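The next block holds one structure in the form of structure tokens; read it before the comments.
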Amino acid sequence: MPVHVPDGFFDASTSVATGLIAAGAVGFSLQRANREIRETGPALAGLTAAFVFAVQMVNFPVGAGTSGHLLGGALAAALVGPWTAVLVMSTVLLVQGLLFADGGLTALGTNITLMGVVTVLVGYFLTRALLQVLPRRMGSVVPAATAGALLSVPVAALAFTGLYAIGGAVDIPLGKLATAMVGWHVLVGIGEAVITAAVLSAVVANRPDLVYAARHLQRDLVLVDADGNTSTVAPDKPIAAKPAGRTLGVGVAVSLLVAGGLSLFASAHPDGLEFVGAKLGFESAAEDSAVAGSPLADYGVSGIGNAEVSGALAGIIGVLVTIVVGLAVAKLASVRANRAS
Amino acid sequence: MSGDGLLVTVDSRVHRLPAHVKIVALFVLVLAVVSTPAAAFWAFGLYAVMLVAAVVTARLPVLLVARRLTVETPFIVFALLLPFVATGPRVDVLGLELSQSGVLGAWNVLAKGTLGVVAAIVLSATTGPRDLLAGLERLRLPATLVAILSFMIRYLSVVSDDLHRMRIARESRGYAGGRAGHLKAVAGGVGALFVRSFERGERVHLAMRSRGYTGRMPLLSTRGATSSQWLEGLAISLAAVAVALAVRVVGL
Amino acid sequence: MSGPAIHVERLVFAYPDGRQALYGVDFTVQRGERVALLGPNGAGKTTLVLHLNGILGSVAGGTGSGRIQIGGTGLHREHLPEVRRKVGLVFQDPDDQLFMPTVRDDVAFGPANLGLRGSELDDRVHEALVQVGMQDHADLAPHHLSFGQRRRVAVATVLAMRPEVLVLDEPSSNLDPAARRELSDILSGLDVTLLMITHDLPYALQLCERSLLMDDGRIVADGRTRDLLGDADLMAAHRLELPYGFDPLSVPGPERKG
Ligand SMILES: Nc1ncnc2c1ncn2[C@@H]1O[C@H](COP(=O)(O)OP(=O)(O)O)[C@@H](O)[C@H]1O
Ligand SMILES: [Mg+2]
């Protein structure tokens, strides 16, 4: 999904449902971002959106002669906060749809949900969660947000697969689709992570005060007055740090909810049920599976007799695995960064 | 990338319609198309005729519309794969064994996606950015979103120019490429671009406050649409809705 | 109003990232004066002028101290709308100043915030655009204007608020010679107190009788522009250089014109 879903790709009820999700998310974000936008101005959000739009046009090589581009959801979340970021990403998608005819108007809800909400929330909550366990200093935000960006893309791909299970026009083996989508988007996610890391390093080096996700890590200011006397002043409006662990919990919960909920939703739908259960879960799992070695290869955990539970479980396990891997990567990155300095 | 989107500056009846009428018309039209079952081939034929009529009335160059259709390409690829990967009964086409539902699914994605893109092109090629913003404002899009949109569109060309200049600077310093090198160079440039864009956002906010901004943007739109404008703008969309309803009533 | 147009005392300021830009600035500008603010890059000139209408500084919730009076009244939170009308700020990059979809929307932004509506607002916009000769371009988007035109519209956006003090940040930068002269014609025709940041020393000499020289967040010299530019040691100490062949003692300045 570095590309926008066009009109008619999903059935009408899926489009309506994602439209409602998107509208809800944007409405909620408007409310939450209100204070910030009053302080920093809508221009800042608008320029961040213009930046994301411009950067989405920069391609990077993924492999096999193809290229991907930045989605920017996790990056925007780390820089301007999750609520403003949802607005920023929605704005980008709205402009692409209305001004550049890119992405169908009836698919706007789907596109906002996948690229504007899922990437932002997954990216942000993982970033904040990692900041709880990493050393308490500005630099930690780089590995944390990098892991967030890395995770955000395959999770969005998984969400896309889930939507396809619910509202895709044609039955195709969901396991194959999930494997292909997630596999491919892990590669895109690496590009996303590299660019996110570079952007955040540049920002931390030049204007550390701009990084929303790490505002609570800012140092005090030293002020020299007209007579040369020195005094120390707290920086502007530090965001009260949430009790450690809570953000981590919220992050994990949200990721699980997204993945598990989507999978369950998928299974609850008649087509999806048939799909996940009959087609993949049991009958043809072995022959369909492209990467048969992985226990999650077909997005249905083998040995579990209920299709719904099996699909949801696969989603949840996938997220857990990704989180653990992300944590490990972040930890490693920070250890190396510490050694380097 | 210019801040004008796909705007084609000619004068036509479609160009002169108020933006909010066109947005509603686009939405209704695409909704009708999307809710039509894929097997109702004749209906899609009628939709295509209607859209061609819209393109002609708007006096848009056909080549531009065709070129813009390429945004769909990734999904065309996806659609073309469907007949091969989909499950269900098979049909024999030119010696290839294809999935029946896959063929229909491919047609579904291609037809609806293409009609949707053409409809969207008609809107974006006949509506300037300012009119579009005014239209969204009239349609009661929350003021904060309209404001963010407005700044985004205004600074699209500025930020793109910055990006372009930075790329030229990098390439003129003899940067050669290579995969890892490419990614690193791109990433570094993007970081600098963000700091630049963000600082511009701060300065713009200062400039706004300097001129008495207290949190409320002035309204853009003043005129509403007359009922004859509504009728004219919605003509094609209503015809499409009639077709969609006919499909449901008459069957295929 | 009574008292000097601008009075600044012991002004100190640090940006939110901790970088201190002002280390105790003092100066006074009388009504009707035209003053150039000179100094090397990073001296704090832009930071200083952003304080004059309360955009930066403790009054805006920033980190700093000191006192500012505009027209004899102290800068307080409750006076901010009034001060922002009185002190018109033209930013260095016109793209920062022109943020609305069209020229007309942009020039109307300030007066609309002052409460003007309808034909009163239209007249005000037209008047300001005429002052800078841009009345025929009102419906264009800013990115369709040349740089010089954008700079002129930026001046119009401020003139539309009928300011008593006009503050310009490097107004002649990036202008071609013709656009630079057109702008000086516009500026010298205005009946306002003028404070102009510039690296364009001949421009300072042409438009401003008096100059302030700033470096490292302090005012280091204050006097007649001609004397400052003629002081080679002072100039060299603060990284200021006259254009090749330019002799500040032999060209006419505003004081000769009377
Ligand atoms: N938004 C900002 N955040 C942090 N530091 C800044 C900001 N703007 C300027 N500075 C710093 O403040 C100092 C003075 O800058 P400025 O007032 O722009 O100087 P001048 O206009 O004289 O070139 C410089 O060291 C600059 O890097
Ligand atoms: Mg400056």
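The values are calculated or read from the model by the stated rules, or taken from the named source; none is laboratory data. Everything numeric in this text was worked out from a predicted model, so none of it was measured. Backbone-built Cβ (ideal geometry, glycine too); neighbour counts: all protein chains shown. These accessible areas exclude ligands, DNA and RNA; they are computed on the full protein's heavy atoms, side chains included. Shrake-Rupley method; radii C 1.70, N 1.55, O 1.52, S 1.80 Å.
At a glance:
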| quantity | calculated |
| --- | --- |
| Peptide-level mean, for C:10-17, of C-beta atoms on other protein chains within 10 Å | 5 |
| Formal net charge of residues neighbouring A:VAL141 (Cβ-Cβ distance under 13 Å; K, R +1; D, E -1) | +4 |
| Dipole in debye (nearest 20) - chain B, about Cα centre, beta carbon charges: Lys, Arg +1; Asp, Glu -1 | 860 debye |
| Total charge dipole magnitude, the stretch B:3-90, about the Cα centre, Cβ charges on Lys, Arg, Asp, Glu only, Debye to nearest 20 | 100 debye |
| P(r) weight above 21 Å for the stretch A:70-197, C-alpha pairs, percent | 42 percent |
| Candidates C:PRO171, C:PRO101, C:PRO248: whichever shows maximal mean-square fluctuation once chain C is modelled as a Gaussian network with Cα springs under 10 Å | C:PRO101 |
| Distant-in-sequence amide H partners of C:VAL35 (H built 1.01 Å from N, under 5 Å) | C:LEU194, C:LEU195, C:MET196 |
| Per principal axis, descending, Cα span of chain B in whole Å | 64, 57, 31 |
| Dipole of the stretch A:12-240, positive end: most advanced residue of A:ALA76, A:LEU114, A:ALA178 [Cβ charges, Cα centre] | A:ALA178 |
| Local electrostatic count at B:GLY233 - Lys and Arg +1, Asp and Glu -1, tallied over other residues with Cβ under 11 Å | +2 |
| Alpha-carbon Rg/Rh ratio, for the stretch C:63-120, with Rh computed the Kirkwood way | 1.05 |
| Percent breakdown of C-alpha pair distances by 10 Å bin, ordered from the shortest bin, for the stretch B:18-145 | 12, 33, 31, 17, 6, 1 |
| Kirkwood hydrodynamic radius of the stretch A:12-240, Cα pairs, Å | 18.6 Å |
| Long-range HN-HN contacts of C:ILE219 with modeled amide H, under 5 Å | C:ASP26 |
| For C:ALA21, distant residues with modelled amide H under 5 Å away | C:PHE13, C:ALA14, C:TYR15 |
| Exercise: per-residue mean of other protein chain Cβ atoms within 10 Å, B:163-169 | 1 |
| Phi to ³J(HN,Hα) by Karplus 6.51 cos²θ - 1.76 cosθ + 1.60 over the stretch C:222-229, Hz, x for Gly, Pro | 8, x, 5, 3, 4, 5, 4, 5 |
| Projected label distance in nm at B:LEU238 and B:HIS164, using a 7 Å step from Cα toward the beta-carbon | 4.4 nm |
| Ranked by how many other beta carbons lie within 10 Å on average, peptides C:57-70, B:54-67 from highest | C:57-70, B:54-67 |
| Distance in nm between pseudo-label sites at C:ARG77 and B:ARG248 (7 Å out along the Cβ direction from Cα) | 5.7 nm |
| Positive-end residue of A:VAL86, A:THR232, A:TYR164, charge dipole of the stretch A:12-240 with Cβ unit charges | A:TYR164 |
| Net +/- balance of residues flanking B:VAL146 in space, Cβ distance below 12 Å, scoring K and R +1, D and E -1 | +3 |
| Apportionment of accessible area to carbon and sulfur, chain B, percent (1.4 Å) | 66 percent |
| Ranked packing of C:24-36, B:16-28, B:104-116, most packed first, by mean Cβ within 10 Å | B:104-116, B:16-28, C:24-36 |
| GNM result for chain B, Cα springs below 10 Å: residue of B:GLY188, B:GLY45, B:GLY95 fluctuating most strongly | B:GLY95 |
| Gaussian network model of chain B, Cα within-10 Å springs - most flexible of B:THR214, B:THR36, B:THR126 | B:THR214 |
| Shielding by other protein chains, A:198-211, mean Cβ within 10 Å | 5 |
